[in-house]
Amino acid sequence: MNVKIQSDALKASMQANFSASRKSGDSGFQAALEKAKKPSAAQELEEYMSKSSTERMVDMILKGMGLTREDLATKSPQEQAAIMQKVSQILKQKMEEATAKLNGGTPAL
């Protein structure tokens, strides 16, 4: 099974997901109120399950970098672009590793 990763399409998808989540996002007082509430385990699970697999992977990579989507939203557009480029590279690498594992250790061409 060979899977060719289209990094431009992957990057565009991740940026679209981030932009959509940012546009729907936080407005001052409402954001502070939401952060003050501690979500229940059921709410956390529901939020997690509502995310796409790409969003989940991006969140995991950001967490590994010591960031959250909220942290990312506070960065300048240039910093956001640089961080998302790094996330894209890591995601591509992980997908290539998974593909190689599925192919019995043979990297996809």
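The values are calculated or read from the model by the stated rules, or taken from the named source; none is laboratory data. In this text the structure is predicted, and so the values were computed from the model without any measurement. In this analysis, Cβ positions are derived from the backbone assuming ideal geometry, glycine residues included, and neighbour counts consider all displayed protein chains. Accessible surface is based on the protein model in full, side chains and every heavy atom, while ligands, DNA and RNA are left aside. Shrake-Rupley method; radii C 1.70, N 1.55, O 1.52, S 1.80 Å.
Just one of the listed residues (Lys75, Lys86) is in a loop (DSSP other than H, G, I, E, B), open to solvent by 60 Å² or more (accessible area, probe 1.4 Å) and not aliphatic (A, V, I, L, M), namely Lys75. For segment 7-21, the condition holds for no residue, the condition being that it is at pLDDT 90 or above and loosely packed, with under 10 Cβ neighbours inside 10 Å. Within segment 47-72, the set of residues being part of a helix (DSSP H, G or I), open to solvent by 50 Å² or more (accessible area, probe 1.4 Å), out of contact with any Pro (no Cβ under 9 Å at 6 or more places or on another chain) and free of Cβ contacts under 8 Å to residues at least 40 places away in the same chain comprises Tyr48, Met49, Ser50, Ser53, Arg56, Met57, Met60, Lys63, Gly64, Asp71.
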